[in-house]
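A quick write-up on the structure given underneath.
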Amino acid sequence: MKYDFDEIIDRRNTNAMNTDGFRGYIFHAGPEMKFPYADEDFVRMWVADMEFAVAPEIRQAIKDRVDKRIFGYSMVFGDDYYRAFSKWCEDRYGWSFPQEELTFTPGIIPALYELVGDLTAPDEKVLITSPSYGYFLHAAEFNHRELVCSRLKNDNGFFTIDYDDLEKKAADPKVKLLIWCNPHNPTGRMWTREETERVCEIVKKHDLWFISDEIHCDLIRSGRRHIPTAKVMPDYPKLITCMSASKTFNMAGLMFSNIIVRDPAVRQLMAEHDKLFGCVNPLSVTASQAAYEKGGAWLEELKSYLDDNFRFVESFLKENLPEAVFKLPEATYLAWVDLSRVLPDEPDLPGFFANKAGVLLEGGNSLFVDNAEGFIRLNLAMPRSIIEKGLKRMVEAIKNRK
Ligand code: LCS
């Protein structure tokens, strides 16, 4: 391996959410919340960023930009960025899109917050599948829109779409927007072409706006290929695709994402509502472009390392926690583990593991909206030695509780 994914990097004093933000995010608490573990002794398997160093090719590009010494107001001019990103999409997904459809936001969360308001009226509803990434709910709440959940079906840890239920909910005349997640956080499903086609048919039939959040589309098991929703419905004008190098290359803090919007009127609305007037952080553009131009080799090694992390967790759980239900996910670096048979009467799984095992993780409906009871989500984007330590502590805590 050319890149070192075993190195343990000290993230203290970097204002990282991962190290310093868990009280607020997981427990809705402030510094008054005490644990039997010092903050630096936690094994942190929660927020979806990685413990790995950003690829040296990207770091070098940022350094080169820093050496230009001026960081004035910046926008994405010319077509260098578009060429880099569209080549990435062409090479990896066999898909491309016209340059005028490409817009930028400081993260996909801000895009969701804005689009829910732009695409729906106050009495209209937003449809998602559950369990769900929490910010799909928060985007609806922020805009005071009602959220409707269609529960994914769980077949022994493998999740599928309940088409009858989705169709029934899409048929509600007040439902105007489907926020779709592909690959899916937290279950790790990569929707197949057939599955995507059926969902697209439902969307078309009921004339919904369709946000396809594909932020996890590069973080897939080796050998797999992502199918953008836009490739399955090449002509549907009400589709918006969200992608970003931020998750793939561990630079979420740089706050830069690609929002591909087909409808010119929606692009216009987004531009009007853009509090940044189209300005972007120059270091972020440089980093994203370098990622798409030079990050491919690093990503392939990362994927291989993650594949091994997943195999390690699978065999560890089989051996040490056989009642846990866990299927290797097709995508993401997140393990979605059903502990309902292991800890059937534990109402607060993140609280239990933080206090009894010194492991920070997310789980349950309070973080994943609905249909998540009894589940925990483990972030595996870290050196294997840390994962091993975390899992051992978790198993020990479960034994002590029994
Ligand atoms: N959409 C999905 C499906 C995500 O999983 C995340 C990050 C975002 C959007 C956020 O995008 P950003 O605003 O950073 O561009 N997911 C996270 C998670 O599950 N835990 O921490 C972050």
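Structure summary
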{"read-out": "Percent of beta bridges antiparallel (DSSP, the chain, rounded to nearest 5)", "value": "50"}
{"read-out": "Prolate/oblate/rounded label for the range 77-156 (Cα gyration tensor, a/c 1.5)", "value": "oblate"}
{"read-out": "Cα-based shape type of the range 152-286, given that a ≥ b ≥ c are square roots of the gyration tensor eigenvalues and the cut on a/c is 1.5", "value": "oblate"}
{"read-out": "Charge dipole magnitude, Cβ of K and R +1, D and E -1 - the range 245-312, Cα centre, debye nearest 20", "value": "120"}
{"read-out": "Among Lys303, Lys318, Lys125, residue whose mean-square fluctuation peaks in a GNM of the chain (springs only between Cα atoms under 10 Å)", "value": "Lys318"}
{"read-out": "Whole-angstrom gap from the range 125-171 to the range 35-56, using each part's C-alpha centre", "value": "29"}
{"read-out": "Residue with peak Gaussian network fluctuation, the chain [Cα springs, cutoff 10 Å], from Ile108, Ile215, Ile62", "value": "Ile62"}
{"read-out": "Pair Val66, Arg401: separation of 7 Å Cα→Cβ label points (nm)", "value": "4.4"}
{"read-out": "The range 332-400: relative contact order as a whole-number percent, Cα under 8 Å and 6+ apart", "value": "39"}
{"read-out": "Relative packing of 326-334, 29-37, 80-88, 263-271, which averages over residues the other C-beta atoms within 10 Å, highest first", "value": "326-334, 80-88, 263-271, 29-37"}
{"read-out": "Most mobile of Gly278, Gly364, Gly24 in a GNM of the chain (Cα contacts under 10 Å)", "value": "Gly24"}
{"read-out": "Whether the range 240-343 is rounded, prolate or oblate, judged on the alpha carbon gyration tensor where a/c under 1.5 counts as rounded", "value": "prolate"}
{"read-out": "The chain: relative contact order as a whole-number percent, Cα under 8 Å and 6+ apart", "value": "24"}
{"read-out": "Violating pairs (Cα-Cα greater than 32 angstrom) within the set Lys125/Lys392; Lys318/Lys356; Lys2/Lys392; Lys125/Lys153; Lys176/Lys231", "value": "Lys125/Lys392"}
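Since every read-out is calculated from the coordinates, none of them should be taken as a lab result. On a predicted model such as this, the values are computed, not experimentally measured, just so you know. When we count neighbours, we look across all protein chains shown, and the Cβ atoms used for this are built from the backbone with ideal geometry, even at glycine.
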